[in-house]
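In what follows, a structure is listed as structure tokens, so that the remarks can point back to it.
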Amino acid sequence: QVDLVESGGGLVQPGGSLRLSCTASESLFEVNAMAWYRQISGKQRELVATIDMYTTAEYVGSAKGRFTISKDIAKNTLYLQMNDLSPEDTAVYYCNRLFGPRYTWGPGTQVTVSS
């Protein structure tokens, strides 16, 4: 079973930045397109950013121009650099693969943007 553990969330003021990390228990990133998702309270989980095996990144909606997804294959870790955060980014953030059956979801990391 693959374990995914997200970290790096917290409370930040509007306009601030956070860097999220997702560490996998196995080597995944060379054979899987990976993604960051988020779930805003009361809403369904949504896609935020993706990165494929060739490190090509894509972003969804308001993440464009503000977020950067990256990975460190040697560390089995996926990152999400988030800049210029707004209250609308408040959510629990998760990582998982983009295609195929999802691995068991990790605990997520809470991001709260508030003044």
Averaging sequence separations of C-alpha pairs under 8 Å and six or more residues apart, then dividing by the length of the chain, give the relative contact order as a whole percent.
-> 37
Please turn the phi angles of region 91-105 into ³J(HN,Hα) values with the Karplus equation 6.51 cos²θ - 1.76 cosθ + 1.60 (θ = phi - 60°), one per residue in order, whole Hz, x for glycine and proline.
-> 5, 9, 9, 10, 10, 5, 6, 7, 10, x, x, 6, 5, 4, 5
May I ask for the Rg/Rh ratio of the chain, computed from Cα atoms with Rh as the Kirkwood radius, given to two decimals?
-> 0.94
Which one of Ser21, Ser70, Ser62 has the biggest mean-square fluctuation once the chain is modelled by GNM with Cα springs under 10 Å?
-> Ser62
Can you run phi through the Karplus equation (6.51, -1.76, 1.60; θ = phi - 60°) for region 12-25 and list ³J(HN,Hα) in whole Hz, with x for Gly and Pro?
-> 9, 7, x, x, x, 10, 9, 10, 8, 10, 9, 9, 9, 7
For the chain, accessible area per residue (1.4 Å probe, heavy atoms of protein chains only), Å² = 52
In debye, nearest 20: dipole of the chain around its Cα centre with unit charges on the Cβ of K, R (+) and D, E (-)?
-> 140
Name the residue, out of Phe29, Phe67, Phe99, whose mean-square fluctuation peaks in a Gaussian network model built on the chain with Cα pairs under 10 Å.
-> Phe99
Of Gly10, Asn32, Gln81, which is farthest along the charge dipole of the chain in the positive direction, counting Lys and Arg as +1 and Asp and Glu as -1 at C-beta?
-> Gly10
With a 1.4 Å probe and every protein chain left in place, tell me how much accessible area Lys43 has, in Å² to the nearest 10.
-> 130
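The values are calculated or read from the model by the stated rules, or taken from the named source; none is laboratory data. Predicted model, so just to flag it, every value in this text is computed and none were measured. Cβ sites come from the backbone with ideal geometry, for glycine too, and all protein chains shown count toward neighbours. The accessibility values were calculated without ligands, DNA or RNA, using every heavy atom of the protein model including side chains. Shrake-Rupley method; radii C 1.70, N 1.55, O 1.52, S 1.80 Å.
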